[in-house]
Amino acid sequence: MAAWWNIYRILVRYSIRAERQYPWNFFFNLLFHVLMLTAELATVLLILARVGPIAGWSAKDIIFLFGLVTAEGGGFRIFAAELHDFDKYLVHGEFDAILIRPAPSLLSVITRSIDIGQAAMILQGLALLAWASWRLHLMAVDGWAVWLAMGLALVSGSVIWFAMVTALAALGFWTTRTDDLAPVILYGPETAAQYPLSIYPQAIRWLFFSVLPIGFGGYLPAAVILHKMAGSWMIVGSVAAAAASLAAALGLWSWGVRRYTSTGT
Amino acid sequence: MSQPVPGIRAEGLSKEFVRRSRWFSPPQRTVAVENLSFRIEPGEFVGFLGPNGAGKSTTIKMLVGILHPTGGRVTVNGLSPQRERIELVRSLGIVFGQRSQLWWDLPLRESFEILRALYRIPASAYRVRRARLVDLLELAPLLDQPVRQLSLGQRMRGELAGALLHSPPVLFLDEPTIGLDIAVKSSLRHFLRQINREDGVTILLTTHDMSDVEQLCSRMLVINHGRKVFDGARAELEAAVGVPHAVEVSFENPPRLEGWTPPPTVAMQATGTDTFLVEFNRERISLAQVLEELRTLGTIRDLALKEPSLDRVIEELY
């Protein structure tokens, strides 16, 4: 395990070095993320201004949730840049080059490049989270436990998103192309997660707490921390869901790798 | 299992691809490799031949753990490429001619550093090995260039060095000389011969270039339609196929051919006014007998013995 971590670090260091050959690429990426986030937040706030609190969630509550989901999004995207367009490995048979390396195939894939620009998303998400926590006087009620809960939520949420993008990439071993599935499995749920899940119909809520377990990453911990749900122990649900979804995604991945068919030369 | 079995063992290896054009359409099955068995001992240099689509790449991909066979058993150095992939590839060198395994945006030097970490090569062994490969492949002036700026020949030298840094006992080469000019080809061949003889590296070489095989391989494994059609030394291949030997004969004067019938298995065809290509089967008639026969046609001015080209031999086999 320690040895893999060491290899991970070295590969990441070199992929950052490779990335540095294209400094403008990095800069435009950053700019793009900042603009995207601002636009998304503006949309949420505009809706709130029109309709008032949604399902008992005030504007500040929703900014808290939004910050949490944004930071988690940045958190998994830093590591999952290659999984996002994993299709290319399958369509062009580049996955061959991954499998001939003495390392777990998923590790080899995710270290191919690191999306450092996503650090900006994490920072923006954390800033929103901190601002909302301050205005909601969270510390005054629960003290430092709030930060512990937020930390657990952020890590669990990032892991859940990472598991989902891994599962999506793994589906490519069956379908070859996954770009049609991405909006259903990833982008849609990501937008959905920015709002309290209680506004959605029962069936969709059930979906977000099972097959696409994003509810455990954003809504559940936010509801617990904001006292919209009884029982602070519920935060453990997020950690358990993160562990379970990661295990499921890794299982699906290695099942898929066995089906890999490569391409002719 | 007692001792690990060195070398490569394939028993009844099969690979069937199942494709569906649409989700619910009936599956289309194509058999890429069928019941293929062979053994390659440590230190051998084997040419792996066959026409396009014969199943060569599919076989190699099963040997290195990229593909999972649908039938049969395979071990390389006593390990299963599928179940023990990570452990196995640590002891394999792999070069696919049409695909780079180096880090495109990094200088060769840094690609080597990454490989050192990945294969956990001890520092002292790494220094010695790297120096030897840089020397043999003349890489010193290229070390600081990003891989994407290297020419095809330069890159292939880099790929070979990268594949051999961790001193693997087994090397798989899939069309390593494709697209290279004669000079680069010949220096690569020289290098391959060296590491095979001096370091005892077992090499399995796939190529369409018969001169690669002719100059390098002690043994040939030929497959077609996923099945083995020949396995053995080159001389045995010629005997098995029965490709005729040939001699080119020039006569002083146009020979008197009227009323002359060539002996069985001898064929004669004009290549000039008084030169002829005479093909014969050495198993049935000796060169001396052929010449004796030809002398009855006129005085022979000159003759040249033609070796059957490997291309021709292989063609006969398909």
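Summary of computed values
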{"quantity": "Checklist (1) open to solvent by 30 Å² or more (accessible area, probe 1.4 Å); (2) under 26 Å from residue A:36 (Cβ atoms); (3) at pLDDT 90 or above applied to residue A:210, failing item", "calculated": "(2)"}
{"quantity": "Check on residue B:47, within 11 Å of another protein chain (Cβ to nearest Cβ), in contact (Cβ under 8 Å) with a residue 24 or more places away in the chain and surrounded by 14 or more Cβ atoms within 10 Å (Cβ to Cβ)", "calculated": "no"}
{"quantity": "Residues satisfying the stated conditions in the range A:59-112, i.e. in a loop (DSSP other than H, G, I, E, B), at pLDDT below 90 and more than 10 Å from chain B (Cβ to nearest Cβ)", "calculated": "A:85"}
{"quantity": "Positions within the range B:101-127 being small (Gly, Ala, Ser) and more than 8 Å from chain A (Cβ to nearest Cβ), in sequence order", "calculated": "B:111, B:123, B:124, B:125"}
{"quantity": "Boolean, residue A:245 is within 30 Å of residue B:67 (Cα to Cα), among the polar types (S, T, N, Q) and either touching a helix residue (DSSP H, G or I) at 6+ places or on another chain (Cβ under 7 Å) or not in a loop (DSSP other than H, G, I, E, B) (or both)", "calculated": "yes"}
{"quantity": "Complete set of residues in the range B:173-215 that are open to solvent by 10 Å² or more (accessible area, probe 1.4 Å), touching a residue at least 24 places away in the same chain (Cβ under 8 Å), within 16 Å of residue B:41 (Cα to Cα) and not in a loop (DSSP other than H, G, I, E, B)", "calculated": "B:196"}
{"quantity": "Counted residues, the range B:1-47 - those being modelled with pLDDT of 85 or more and of a type in the set (Phe, Trp, Tyr)", "calculated": "3"}
{"quantity": "Extreme residue, farthest from residue B:200 (Cα to Cα), among residues of the range B:62-93 that are facing another protein chain (nearest Cβ under 7 Å) and open to solvent by less than 10 Å² (accessible area, probe 1.4 Å)", "calculated": "B:67"}
{"quantity": "Among the residues listed as A:203, A:169, the single one being of a type in the set (A, V, I, L, M, F, W, C) and either in a loop (DSSP other than H, G, I, E, B) or open to solvent by 20 Å² or more (accessible area, probe 1.4 Å) (or both)", "calculated": "A:203"}
{"quantity": "Among (1) within 18 Å of residue A:151 (Cβ to Cβ); (2) within 14 Å of another protein chain (Cβ to nearest Cβ), the one test that residue A:258 misses", "calculated": "(1)"}
{"quantity": "When residues of the range B:15-44 are limited to those that are free of Cβ contacts under 8 Å to residues at least 60 places away in the same chain and of a type in the set (S, T, N, Q), the one nearest to residue A:261 (Cα to Cα)", "calculated": "B:30"}
{"quantity": "Within the range B:229-307, strands (runs of 3 or more DSSP E) holding 3 or more residues that are out of contact with any helix residue (DSSP H, G or I) (no Cβ under 7 Å at 6 or more places or on another chain) and open to solvent by 30 Å² or more (accessible area, probe 1.4 Å)", "calculated": "B:266-270, B:275-280, B:300-306"}
{"quantity": "Segments classed as helices (runs of 4 or more DSSP H), wholly inside the range B:95-166, with at least 3 members that are open to solvent by less than 10 Å² (accessible area, probe 1.4 Å)", "calculated": "B:108-118, B:152-164"}
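The values are calculated or read from the model by the stated rules, or taken from the named source; none is laboratory data. Keep in mind that this is a model prediction, so the values were computed, not measured. When we count neighbours, we look across all protein chains shown, and the Cβ atoms used for this are built from the backbone with ideal geometry, even at glycine. For the accessible areas, the whole protein counts, side chains as well, though only heavy atoms, and no ligand, DNA or RNA atoms are used. Shrake-Rupley method; radii C 1.70, N 1.55, O 1.52, S 1.80 Å.
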